[in-house]
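So the structure is just underneath, and the comments pick up after that.
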Amino acid sequence: MAIAFEEQSWTYSEFDQLTDNFAQNLIAAGTEPGDRVALHLRNRPEFAFAFVGCLKAGCTAVPVNPRLKGPEIDFILRHSGSACYVGQPDLYEELGSSCPAIANLEVRYLTDAPAGERTVAFDDLLRSGDRRVATLEVEADRIAAILYTSGTTAHPKGVTHSHGSLAQMANSMRDMKLDDRQVVLIMTSMAHMVGLGMMFLSGLLNGATTVIARPMEFTKHLEAYARWRCTYTLGLPVMFEGLIQAQTAVTHDVSSGQFYFCGGDSVSPALQEAFQAALGPVCEAYGATEIAPIAWNRSGHARPGFIGLPGEGIEIRLVDLDGHDTGPGEVGEIRVRGPHLMKGYWRDPDATAEAIRDGWFHTGDLARRLGHDGYYFAGRKKEIIIRGGSNISPHEVEAVLYEHSAVSEAGVIGCPDSVWGEAVVAYVALRPGRSIAESELISFARERLADYKTPERILFLSQLPKGPSGKIQRRALKEFQKEKSHNGNRSVSGPALQDHSNSNQSTDR
């Protein structure tokens with residue numbers, strides 16, 4: 001079995017035939033090698049057929065996050081120069097006048113819909129193609145995919161991966177035990193590197209069975225574990241929290257589970273302990289859209305904040321502000337190189353030259369290494385708080401807040417201070433049914449942190465803001481803090497974490 005979705009499944013033979021059909025029909029429709037094809041789909045089998053079909057046709061797949069709005073998608077379509085569009089009717093209709101670029105595309109293929117005046121039914125691409133149209137022998141350095149990152153700049157950057165780098169990624173995933181013995185559950189969006197590259201694509205290249213699920217539908221994730229006897233998954237901390245809640249509410253048979261990798265943000269000790277009690281031990285993993293995986297915990301060696309050691313062929317350096325290698329225990333920026341590094345940023349040579357220097361990718365992430373033990377994550381370089389000339393890692397403060405059993409989510413930022421330059425401010429979401437006073441949580445932190453690192457304010461939200469991939473957005477908290485101060489420090493609240501398994505509303509929009 002190659003892939004499964006809900007109660008359906010496809011063998012490798014069936015999957016190979018359907019993706020051959022897709023490629024042949026795409027070529028017959030006039031698509032040429034190198035053309036970009038925008039994939040505007042939620043997690044579903046059609047995404048898998050379209051992505052691999054694009055690669056077989058020599059085209060470049062451009063996954064589009066289904067949660068993005070019209071203007072954001074308009075930028076991606078224009079910047080990538082997409083030649084055609086594959087999407088779902090409801091997502092397509094939402095674009096309307098807010099995405100003018102969609103009108104310039106000659107071909108639009110839609111799932112679950114008959115062909116229209118300006119659209120073609122997706123199923124037509126899966127029907128037996130013209131056997132006289134041959135799929136291509138694609139060279140390793142041809143661009144296979146452009147993955148747009150949320151980033152911190154005005155517009156996202158398009159990370160380009162070649163057929164070769166994706167194949168090398170699969171090799172690295174074998175080091176993470178992803179082989180033909182595994183049944184992999186995708187919990188993250190297939191438009192992002194974790195869902196697309198590390199899980200779906202590497203799973204197929206390594207002969208695993210890949211079970212597709214939609215993000216944030218925690219009960220259905222557990223049902224999939226029981227139905228398909230899943231063994232392997234990789235998700236974000238917020239997803240692992242959701243799995244704990246769903247498993248606590250209704251117990252599912254997850255005895256088949258062997259590997260639970262968690263990445264994208266720090267995994268608190270409380271989360272590790274609770275997840276192990278509910279499902280199994282957590283192993284942290286570290287990577288980036290530009291190169292993944294980079295490092296990970298080996299089974300039995302997981303510790304809070306420990307991102308482990310790199311795999312074969314992956315090199316890591318920790319470098320200080322002057323460009324010198326750091327010593328044991330010292331914090332430095334992570335620089336990495338390996339055979340699965342991206343080719344560069346699409347149509348952005350300046351950003352590419354800034355990110356990759358002398359073959360090393362500058363991640364902007366911080367870590368420390370303790371002897372030969374491995375690497376410990378220490379936060380983002382650009383998020384470091386400078387208070388009175390002292391550097392403070394938000395990650396370090398958050399890790400302490402997570403030690404309190406009442407804390408579900410924590411995000412720490414620096415706010416302007418007339419005396420110290422910046423003050424440490426924390427935003428916290430509490431676990432259901434728990435309460436704690438701000439002063440009590442500050443005292444808890446002060447017992448474990450130096451005074452200058454201790455938050456001066458802790459503000460409570462029902463849920464912290466997250467980006468499209470589910471990471472807590474400290475940048476959004478900064479903007480929120482500015483607005484809150486401007487409006488007279490009024491109290492606020494946000495939506496609670498929900499399991500959308502039984503909701504009629506789409507959860508990954």
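Quick look at the values:
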read-out: Translational diffusion coefficient (Stokes-Einstein; Kirkwood radius from C-alpha pairs) of segment 289-402 at 4 °C, 1.567 mPa s, in µm²/s; value: 85 µm²/s
read-out: Packing-based exposure ordering (other Cβ within 10 Å, fewest first) of CYS283, CYS84; value: CYS84, CYS283
read-out: Computed Kirkwood radius, in angstrom, where 1/r is averaged over Cα pairs of segment 384-486; value: 13.8 Å
read-out: Karplus (6.51, -1.76, 1.60) ³J(HN,Hα), θ = phi - 60°, over segment 234-246, in Hz, Gly and Pro reported as x; value: 9, x, 8, x, 4, 6, 5, 4, x, 5, 4, 4, 5
read-out: Dimensionless Rg/Rh of the chain - Kirkwood Rh, Rg from C-alpha atoms; value: 0.96
read-out: Karplus 3J(HN,Hα) series, Hz, for segment 350-366 with 6.51 cos²θ - 1.76 cosθ + 1.60 (x for Gly, Pro); value: 5, 5, 5, 5, 6, 7, 10, 10, 6, x, 9, 8, 8, 6, x, 9, 10
read-out: Any cysteine of the chain lacking a neighbouring Cys Cβ under 4.7 Å - listed by number; value: CYS84, CYS99, CYS230, CYS262, CYS283, CYS415
read-out: Label-point gap, in nm, between THR11 and GLN463 - each point 7 angstrom along Cα→Cβ; value: 4.2 nm
read-out: For the chain, share of DSSP beta bridges that run antiparallel, in % to the nearest 5; value: 55 percent
read-out: Helix axis angle, 218-228 relative to the chain longest principal axis, alpha carbon, degrees; value: 50 degrees
read-out: Ellipticity estimate at 222 nm from DSSP helix runs (n ≥ 4, -39,500 (n - 2.57)) divided over the chain, nearest 500; value: -8000 deg cm²/dmol
read-out: Ranking of LEU321, LEU236, LEU309 by count of other Cβ atoms within 10 Å, fewest first; value: LEU321, LEU309, LEU236
read-out: Cα-based helix-to-principal-axis angle, 45-56 vs the chain, degrees rounded to 10; value: 70 degrees
read-out: Residue order, fewest to most beta carbons within 10 Å, for CYS415, CYS54; value: CYS415, CYS54
read-out: Share of pairwise Cα separations in segment 56-148, more than 19 Å, in percent; value: 47 percent
read-out: Contact order relative to length of the chain, as percent, for alpha carbon pairs under 8 angstrom and 6 or more apart; value: 11 percent
read-out: Residues with amide H under 5 Å from that of GLY364, placed H, sequence gap 5 or more; value: ILE334
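Just so you know, all these numbers are worked out from the coordinates, no wet-lab data involved. The structure displayed is predicted, hence computed values, not measured ones. In this analysis, Cβ positions are derived from the backbone assuming ideal geometry, glycine residues included, and neighbour counts consider all displayed protein chains.
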